[in-house]
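Structure first, then comments.
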Amino acid sequence: MIANTLPKSLIDNPRLDRWLDFSVPGRAGIRVGKVEIGQGIATALAQIAAEELDVGLDQIDLTAGDTDCAPDEGMTTGSLSIEVGGASLRLVCAEARAIALAAAAARLNCGPQDLSIDAGAIAQNGKPSGQDYWTLRLDLARDATGSAPPKPASAYRVVGQNVARRDLPAKIFGGGFVHDLVRPGMRHGHVVHAPRIGMAIAGLDLAAIQRAAGGRVEIIRHGMMLALIADSPTDLRRAAFAADTAIGWNGLPPLTADQQEAAWLPTQPSRHGAHGDANQPPPGTRITATYSRPYIAHGSIGPSCAVAEFRDGRLTVWCHAQGVFPLQAVLAGGLKLNPAQISVRHLHGSGCYGHNGADDAAFDAAAIACLRPGTPIRVQWRREDEFGHEPVGPAMLVRQDGVLGPDGALRDLTTDIWSAPHSGRGGAGNALTARTQPNPCPPSPVAETSVPYPGAGTRNAIPNYAIPAMRYRHHLVPSPPVRTSALRGLGAMPNIFALECFLDECADAAGQDPLAYRLAMQPDPRARDVLTTVAEMANWSARGPAGTGEGLGLAFGRYKNTSGYAAIAVRVSVDTEIRLLEIWCAADAGLAINPDGVIAQLEGGIIQGASWTLKEQVLLDEAGIASRNWDRYPILRFSEIPPITCRLMHRPNDPSLGMGEATIAPIGAAIGNAASHALGARLRDLPLTRAKIIQAVT
Amino acid sequence: MTDPIPLSLSVNGRVVSLTIDPTAPLLDVLRGPLGLSATRYGCGAELCGACLVLVDGVPAYACTREIGTLAGRDITTVEGLGTPDAPHKIQTAMLAVQAGQCGYCLSGMQIAAAALLARNPSPTRSEIAEALDGNLCRCGAHPRILAAVARAAQ
Ligand code: FES
Ligand code: FES
């Protein structure tokens with residue numbers, strides 16, 4: 001293999017000893033940059049390493065996300081951890097195994113073909129050789145060449161098996177999270193955040209804050225930052241709530257009600273990008289429809305948390321960031337430190353699903369810790385902080401304008417996408433508290449482009465269907481009313497919602513069955529497979545007429561048009577509310593490293609996406625985000641969750657495809673199509689609440 | 001905010017004596033001085049269930065329950081339900097069906113499930129869903145959590 005075909009993680013981190021060592025007898029120390037965020041990656045990567053090294057899964061010690069010792073793999077995002085991180089680790093381990101076999105062959109004076117490895121011990125013609133990974137003292141201080149061929153899928157014994165999550169026991173028995181870390185002498189800190197970025201403190205009643213905490217809170221002002229420290233989290237929380245009302249803010253005009261809706265976006269200045277067919281649409285039957293999703297929250301169940309310690313000129317931060325190296329750079333820039341002075345260690349957090357408060361909470365802890373050298377500072381955001389100050393998932397409005405041929409087929413499609421930015425990361429100036437430090441770095445300009453792959457607001461804007469001509473125009477609204485950033489799937493969910501609902505509208509106009517309509521324009525056999533499989537699971541052929549109050553709908557998506565395939569069918573009943581009755585999913589992950597883990601991801605995406613579709617919208621008031629606890633931001637509950645059946649296509653010989661975001665997009669359209677079938681009327685604006693249903697039928 | 005008072009209660013079968021602000025929430029006392037990390041902060045407002053514990057066998061929100069109301073009462077947290085060596089049947093079942101993605105919600109789920117199983121040893125799917133309806137999970141681990149409770153009931 002030549003170097004430029006190596007996966008990105010390996011190109012960026014070529015040294016083998018960055019990835020693994022055999023320094024502890026009987027153990028394989030594996031280090032990776034992709035981190036566990038509830039998706040099971042720690043287990044899947046351990047499976048890959050155990051497979052290629054021929055050691056037991058229980059011999060793997062995995063360290064993930066540590067700037068001191070683990071490879072820099074950037075962010076754990078975009079369903080790339082298996083596709084890129086896993087592919088890199090596979091090559092590294094295959095090469096380490098080859099190096100071990102060569103070293104053992106030299107020692108034993110035989111050929112490597114006479115040797116095999118089991119549990120790390122090397123056998124010669126099936127008999128113990130006395131050599132193993134630990135006796136050989138391998139020199140791994142060298143760059144990977146990628147030249148050792150990994151095992152063929154037919155030889156797999158660990159990969160492809162259902163393996164129990166390695167992190168789950170600790171969490172079930174009450175530990176396992178950064179939230180549980182206690183350092184000697186640790187105190188509790190809180191940074192007061194403005195309702196919106198750009199507001200400044202206009203008036204401050206310090207006595208009220210002190211009073212609420214019985215005088216046991218230390219109040220720090222540093223630059224524009226107002227921070228609180230206390231020994232007891234109870235005192236700190238009381239002071240923090242007092243601060244919410246003891247401070248007057250100014251600097252920005254009040255928000256207006258229309259700003260919380262996606263329909264506000266086209267009224268705003270935007271940056272334009274375009275892609276696709278340059279010709280004018282041909283004549284024919286035109287159909288247009290506009291779909292929208294509002295701002296939505298990540299909604300982690302555990303608000304963000306971090307512990308930071310500044311000691312002897314070194315800053316150490318324990319946090320649940322999706323990227324420890326990017327955070328190291330943000331901390332260095334924002335706190336005017338050298339990156340070499342900063343260690344960032346990943347510990348498990350509550351599921352984040354994208355850019356939630358994790359990085360900001362870590363920055364808060366670090367900023368306070370730097371002002372109190374020697375004292376570990378724990379920051380746990382309150383629920384109100386998480387909902388009120390995390391970057392939210394962008395609102396999007398998508399207009400489809402299609403031309404049908406005489407046969408009813410979709411011949412030409414023009415898509416207009418209005419979206420707030422999907423990436424609010426991007427450097428030291430973008431962390432909340434960085435902006436309040438003395439001499440703050442300027443915030444980075446919005447860097448999002450309009451590229452088709454992988455896209456952001458344009459993610460999945462290109463239909464994964466054979467449509468003779470298509471084009472999209474991307475209208476990026478760079479200044480939304482609230483901070484926005486990456487949330488599971490980025491633009492894929494609104495774009496696939498708009499496309500897959502529109503295809504049903506086209507099929508209706510053409511008088512055709514929605515499944516047959518899709519299959520007629522779908523040449524990819526893997527896409528056809530998941531569609532026909534889910535149709536069979538849902539007994540699609542028995543689908544009744546529209547408008548009976550009960551409906552069956554389906555939708556398809558291939559995330560980024562390059563990752564996992566998923567087709568979903570949903571049966572609903574609708575009166576004034578949508579009730580989910582049953583959900584089926586057929587998905588294609590290529591080689592599934594841990595099939596049960598993939599199924600869990602499919603289920604999770606279905607439920608989260610159903611919740612976005614039926615319930616969720618971030619509410620604004622004049623100051624900022626008003627939906628600051630679960631009473632104003634309801635999500636799907638147990639009693640609303642129907643039976644869900646997921647089936648994985650068997651494709652062990654195809655490369656693994658990222659599956660974390662495979663179902664989050666098509667579930668919305670499948671519900672929209674099912675509800676519209678039940679009602680005999682179209683629902684196009686998320687969330688599909690009682691008010692939208694009443695509006696649609698009257 | 002009130003001056004500390006002496007107070008005794010039972011936590012996971014052991015009597016604990018503290019001198020403490022009686023208005024402090026039980027959650028802070030468990031996670032702080034008692035060093036029991038399973039009971040989790042989620043919302044602070046009885047809206048998510050992450051902080052559930054059993055008070056005399058009945059689920060209660062530790063995020064709002066003032067420690068001063070608990071003198072002489074019997075508290076059970078996840079640490080008291082079971083341990084890796086002697087797991088509660090809901091813990092065994094959760095591991096068996098791999099119920100949990102990030103796992104943050106699972107402590108509260110276990111408490112709600114244990115209370116349900118204690119009063120109704122063979123609940124239906126809808127009875128399980130109803131008993132857990134106050135517990136939020138954002139990862140969508142619901143199908144497996146439901147399956148775990150059903151399995152533990154067998
Ligand atoms: S933390 Fe107590 S119910 Fe949410
Ligand atoms: S498993 Fe993550 S919140 Fe339930």
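The values are calculated or read from the model by the stated rules, or taken from the named source; none is laboratory data. Note that this is a predicted model, so its numbers are computed, not measured. All Cβ positions, glycine included, derive from the backbone under ideal geometry; neighbour counts span all protein chains shown.
For this structure, a couple of remarks:
- Sole residue being away from ligand 2 (no atom under 16 Å from the Cβ) and within 30 Å of A:SER9 (Cβ to Cβ), chosen from A:ILE342, A:ILE368: A:ILE342
- Scanning segment A:187-204 finds no residues that are buried (at least 17 other Cβ atoms within 10 Å of the Cβ) and over 30 Å from A:GLU390 (Cα atoms).
- Scanning segment A:17-53 for residues that are acidic (Asp, Glu) and either in a helix (DSSP H, G or I) or buried (at least 24 other Cβ atoms within 10 Å of the Cβ) (or both) yields A:ASP17, A:GLU36, A:GLU51, A:GLU52.
- Taking helices (runs of 4 or more DSSP H) as the structural unit, those lying wholly within segment B:26-129 and holding at least 3 residues that are in contact with a strand residue (DSSP E or B) (Cβ under 7 Å, 6 or more places away or on another chain) and either assigned by TED's automatic domain parsing to the domain that holds B:VAL11 or within 16 Å of ligand 2 (Cβ to nearest atom) (or both) correspond to B:106-119.
- Test: residue in segment A:240-248 that is assigned by TED's automatic domain parsing to the domain that holds A:ALA194, touching a Lys or Arg at 6+ places or on another chain (Cβ under 6 Å) and surrounded by 19 or more Cβ atoms within 10 Å (Cβ to Cβ): no
- Count of segment B:130-154 residues which are assigned to a helix (DSSP H, G or I) and within 16 Å of ligand 1 (Cβ to nearest atom): 1
- Of all residues in segment A:170-219 being within 14 Å of chain B (Cβ to nearest Cβ) and among the basic types (Lys, Arg), the one that is farthest from A:PRO442 (Cα to Cα): A:LYS171
- Of all the listed residues (B:ARG40, B:ARG65, B:ARG73), the sole one being charged (D, E, K, R), at pLDDT 95 or above and under 18 Å from A:SER304 (Cα atoms) is B:ARG40.
- Qualifying position, being more than 7 Å from chain A (Cβ to nearest Cβ), at pLDDT 95 or above and over 29 Å from A:ASN629 (Cβ atoms), among B:ALA99, B:ALA147, B:ALA115, B:ALA131: B:ALA147
- Of all residues in segment A:150-169 being farther than 14 Å from A:ASP596 by Cβ and basic (Lys, Arg), the one that is nearest to the other protein chains (Cβ to nearest Cβ): A:ARG157
Residue-wise test of (1) part of a loop (DSSP other than H, G, I, E, B); (2) surrounded by 13 or more Cβ atoms within 10 Å (Cβ to Cβ).
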| position | (1), (2) |
| --- | --- |
| A:CYS110 | yes, yes |
| A:GLN113 | no, no |
| A:ILE122 | no, yes |
| A:PRO128 | no, no |
| A:GLN131 | no, yes |
| A:THR135 | yes, yes |
| A:ASP139 | yes, no |
| A:THR145 | yes, yes |
| A:ALA148 | yes, yes |
